[in-house]
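Notes to accompany the following structure.
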Amino acid sequence: MKASVDGFDLEAHAARLDVDGFTVIEDFMGAADLAEARRALAPYLGSHTGRNAFEGFATERVYTLVARGAVFERLAEEPRVMALLDRVLQPGFLLTASQAISIRPGEAAQALHYDDGFYRQPRPRPAISYTLIAAVDAFTDRNGATDIIPGSHRWSDADIEALMAEPERLTAMMRPMVMPAGACAIFAGTLLHRGGANRSDRPRLAFTNQYCEPWARTQENFYLAIPASMVRAMSPRLKQLLGYEIWPPFMGQVTASHPLKALEPGFRPPVVVQREETIADRAGEGANA
């Protein structure tokens, strides 16, 4: 599905994404969305921090964010984002991860990485996923703004290996992604970046949605994470983003049926129904013997 949005310079954003590896939508969220996002996240924040240095020992993460409030459902399928991703991913692309990230004061900078590195395909190559980071709080050069290396989405494995041996040179290439509250950045899964150090006296709140090719395994298993009763009430596009669709000819099928059938009230997996029928038939045969 190729989409366009009136008033959105799709060509300019697509060009920046191609050349620099990232682009910024300054007005991704308005004041109402920001307020709703804060209200929806409030019950989940303030109780825990990360389990390792990558998650952040002074960072809170709220996973499966798409199911935590209507605002996150809407923003996961925001029309301008969908139009841009339609340019760079194949039809039927999926939501692979959805989480809020609150970087508290004192948090150290994250290790430099790229988001689709776990697909383990040699570089240089097209990105298999794209990341959106939305600023609920303004991103500054002191409060943990994401550090990026523009153009690094085109680097080879050899380029990265060589530069990792020169940390001072790598650090000089990094740029903090400074942006106002309500803005979002979209970047290729091959772009080198890191969560920045928070040297301010306040937490920096953001959320991220990541999207991947329709044939790629998703980071979050939304089939298990989001109850079918919740998914039934979601929009058709969001159901597709969560994987309730077929990627031709048959990827995503449920025992040779369309996955949407699994959302129908009273659905029972065919293996269960067929097993019960087999047991009943055998019992009948025994009674008639």
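The phi torsions of the stretch 61-75, fed into the Karplus equation with coefficients 6.51, -1.76 and 1.60 and a -60° offset, translate into couplings of 10, 10, 7, 6, 4, 4, 9, 9, x, 4, 4, 6, 5, 4, 6 Hz, rounded to whole numbers, with Gly and Pro shown as x.
Converting the Cα gyration tensor eigenvalues of the stretch 49-192 into ellipsoid dimensions via √(5λ) gives semi-axes, longest first, of 24, 21, 14 Å.
Spin-label pair Arg232-Val254: with each label point 7 Å from Cα along the Cα-Cβ axis, the two points sit 1.2 nm from one another. The calculated FRET efficiency for the pair Arg38 and Val273, based on their C-beta separation and a Förster distance of 45 Å, comes to about 0.50. Near Gly284: Cβ cut-off under 13 Å, other residues only, Lys/Arg at +1 and Asp/Glu at -1. The net charge is -3. Calculated on the alpha-carbon coordinates, the convex hull of the stretch 1-76 measures out at 161 cubic angstrom per residue. Modelled this way, with points 7 Å down the Cα-to-C-beta line, the labels at Asp18 and Leu45 are 3.8 nm from one another. Summing Lys and Arg as +1 and Asp and Glu as -1 over all other residues whose Cβ lies under 13 Å from the Cβ of Pro214 gives a net charge of -2. Net charge in the neighbourhood of Gly56 (other residues with Cβ under 15 Å of its Cβ; Lys, Arg +1, Asp, Glu -1) is +2. Computed with a 1.4 Å probe over protein heavy atoms only, the accessible area of Glu213 comes to about 20 Å². Taking the inverse of the mean 1/r over every pair of distinct Cα atoms in the chain gives a Kirkwood hydrodynamic radius of 20.6 Å. In the chain, taking the dipole from charged Cβ atoms about the Cα centre, the farthest positive-side position among Thr131, Phe93, Ala111 is held by Ala111.
The values are calculated or read from the model by the stated rules, or taken from the named source; none is laboratory data. The shown structure was predicted, so the numbers you read here are calculated from the model rather than taken from an experiment. As a convention, Cβ positions derive from the backbone with ideal geometry for all residues, glycine included, and neighbour counts pool all protein chains shown. The area values use the complete protein model at the heavy-atom level, side chains included, leaving out ligands, DNA and RNA. Shrake-Rupley method; radii C 1.70, N 1.55, O 1.52, S 1.80 Å.
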